[in-house]
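Q: Quick one: structure below, then a few questions.
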């Protein structure tokens, strides 16, 4: 989702995970000679930043508990000769009855406007899922309590101790040790994401204040009011009045101000995780020898993916042979009923060298991704329909999609679009976010 103008600035800071002690007087940035301090942050952002250590300590406890539950579930599934998924289905989901029709109707009537005034039949599944959340949580807690009683669980060293070694035991479950090394290996990505989200919030606010101060300084230097300067540089230059046109004008203005005033960033962000994201055998554009590789995990029925696709495409065109794009599949099958088959179809089109032409149609027609429509799009891009049909149903293509999904899950992907630039996950999906990430990668 695009950010409003005054929230669009992305500044790449020097990377380190540990923080110095923070106070209201800590200077976060200096813009046009004006200091931006912790005290200038809104309450929610300020609280998250100042209490980051406590927040992360709680997250680590939560992740440890979740890992213990995983170990308990593995033990029980093994004892019953079943899978963990089937175990929780039988002990949690199957033991919670669907809500009564009267209750479903009551929730629908109370939230009809929020549901877009859609007919009950269309949103019934969403309402049922919502009403099942609380009773399923209670059933889950009861089941876990029973597992802990069945399989002895012994607490070990404090997961938040500053002196933990890889071999230190955090817990023992059914006689099996859960070491600090195992904990870090399983939860590394999630722990980073928890910390990075606090800095996302911080960066958005600081960048907004920086840009506001730069606009004020520039307007003063020209003898203008800030609104007059923004009108001159953006509003008055609009010709098409499209969102993309406005974004490009805002970006150009922002970059001119940054180049002129050179604001200083005084806080330090966590060093980004760098993932080994496989690219071989996936649809791509650009030279394999390009210094920058952008990998997009996409769901062709995801509205955010269709919105991000043209932005990314436009930015990549600015870099020519310096950047290569690789597309991988991550259909969110629980949310999007046609996403998986759309991924199969896209790969079938790729087998005939028409992946990108075909996926343009998928993004443009997300409300019509049934099998008949997928076949129609194949005809529109000039595919051999007989071969398309064979590839669409082939085990090889199904395996390719599954491989992408498994790889995505292994590197912590939970939603789409998820985009990596030389292995670093992009957190800002705006045009400037992509440009900043590419520019940083080109400098390394």
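The values are calculated or read from the model by the stated rules, or taken from the named source; none is laboratory data. It should be emphasised that the depicted structure is a prediction, and the values quoted were computed from it without experimental measurement. Using ideal geometry, Cβ is built from the backbone for each residue, glycine included, and neighbour counts are taken over all protein chains shown.
Q: Does residue 268 satisfy being surrounded by fewer than 16 Cβ atoms within 10 Å (Cβ to Cβ), out of contact with any helix residue (DSSP H, G or I) (no Cβ under 7 Å at 6 or more places or on another chain) and not assigned by TED's automatic domain parsing to the domain that holds residue 311?
A: When the stated conditions are applied, residue 268 passes them.
Q: Which count do you get for residues in the stretch 167-181 that are outside any strand (DSSP E or B) and touching a residue at least 60 places away in the same chain (Cβ under 8 Å)?
A: 1
Q: Using the structure shown, decide if residue 406 is without any contact (Cβ under 8 Å) to a residue 60 or more places away in the chain and under 21 Å from residue 189 (Cα atoms).
A: So residue 406 fits the description; yes.
Q: Is it the case, given these coordinates, that residue 77 is free of Cβ contacts under 8 Å to residues at least 24 places away in the same chain, in contact with a helix residue (DSSP H, G or I) (Cβ under 8 Å, 6 or more places away or on another chain), surrounded by 12 or more Cβ atoms within 10 Å (Cβ to Cβ) and within 30 Å of residue 188 (Cα to Cα)?
A: Yes.
Q: State the number of residues belonging to the stretch 331-359 that are under 16 Å from residue 301 (Cα atoms), buried (at least 21 other Cβ atoms within 10 Å of the Cβ), touching a helix residue (DSSP H, G or I) at 6+ places or on another chain (Cβ under 7 Å) and without any contact (Cβ under 8 Å) to a residue 40 or more places away in the chain.
A: The number of residues fulfilling the criteria is 1.
Q: Quick one: would you say residue 11 is surrounded by 13 or more Cβ atoms within 10 Å (Cβ to Cβ) and at pLDDT 95 or above?
A: So residue 11 does not fit the description; no.
Q: Among (1) in contact with a strand residue (DSSP E or B) (Cβ under 6 Å, 6 or more places away or on another chain); (2) in a helix (DSSP H, G or I); (3) not assigned by TED's automatic domain parsing to the domain that holds residue 438, where does residue 260 come up short?
A: For residue 260, the exception is condition (1).
Q: Given (1) crowded, with 16+ Cβ neighbours inside 10 Å; (2) touching a helix residue (DSSP H, G or I) at 6+ places or on another chain (Cβ under 8 Å); (3) within 30 Å of residue 425 (Cβ to Cβ), identify the lone condition not met by residue 165.
A: With (1) crowded, with 16+ Cβ neighbours inside 10 Å; (2) touching a helix residue (DSSP H, G or I) at 6+ places or on another chain (Cβ under 8 Å); (3) within 30 Å of residue 425 (Cβ to Cβ) applied to residue 165, the lone miss is (1).
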